[in-house]
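Asks: Sharing a structure, written as structure tokens. Questions coming.
The values are calculated or read from the model by the stated rules, or taken from the named source; none is laboratory data. All of these numbers come straight from a predicted model, not from anything done at the bench. The area values use the complete protein model at the heavy-atom level, side chains included, leaving out ligands, DNA and RNA. Shrake-Rupley method; radii C 1.70, N 1.55, O 1.52, S 1.80 Å.
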Amino acid sequence: MPGEPPRTRGQRLPVIDLKRCTGCGWCVAACPLDLLSLERTGWKKHSTLNEAERCTGCAYCAIRCPFGVITMQEAGTD
Ligand code: SF4
Ligand code: SF4
């Protein structure tokens, strides 16, 4: 993918606490690569990370979440 920085080992990925996510969508709008979307589970909406392999770990989504629902966690160290 031209223009996208390569992922590095030990990179951090956003982990969304689904129980606390309000589905407000701020994180979806914050991602420069448009990797987050809102999914519906029953009557509730929550944010989901798509194409995790493209995530740069920039943490914009985590910073933007008004409820502190997203934490950046170390990806697998293979
Ligand atoms: S860490 Fe950055 S690239 Fe990854 S989902 Fe969040 S805003 Fe998008
Ligand atoms: S900004 Fe936070 S509360 Fe809002 S949809 Fe994203 S993770 Fe959920």
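Asks: Residues with amide H under 5 Å of residue 50's amide H, sequence separation 5 or more or different chain, H placed in the peptide plane at 1.01 Å from N; which?
Replies: Here the answer is 36, 37, since their amide H atoms fall under 5 Å of that of residue 50.
Asks: Let me ask something additional. Search the structure for amide H atoms under 5 Å from the amide H of residue 12, placed 1.01 Å from N in the peptide plane, and list their residues when 5 or more places away or on another chain.
Replies: Amide H neighbours of residue 12, under 5 Å, 5+ apart: 75.
Asks: Provide the per residue accessible area, probe 1.4 Å, for segment 16-67, rounded to a whole number of square angstrom.
Replies: With the other protein chains kept in place, segment 16-67 gives 63 Å² per residue.
Asks: Would you kindly derive the ³J(HN,Hα) couplings of segment 14-23 from the backbone phi angles with the Karplus curve 6.51 cos²θ - 1.76 cosθ + 1.60 (θ = phi - 60°), listing them in order in whole Hz, with x for Gly and Pro?
Replies: Whole-Hz 3J(HN,Hα) from phi for segment 14-23: x, 10, 9, 7, 4, 5, 9, 5, 8, x.
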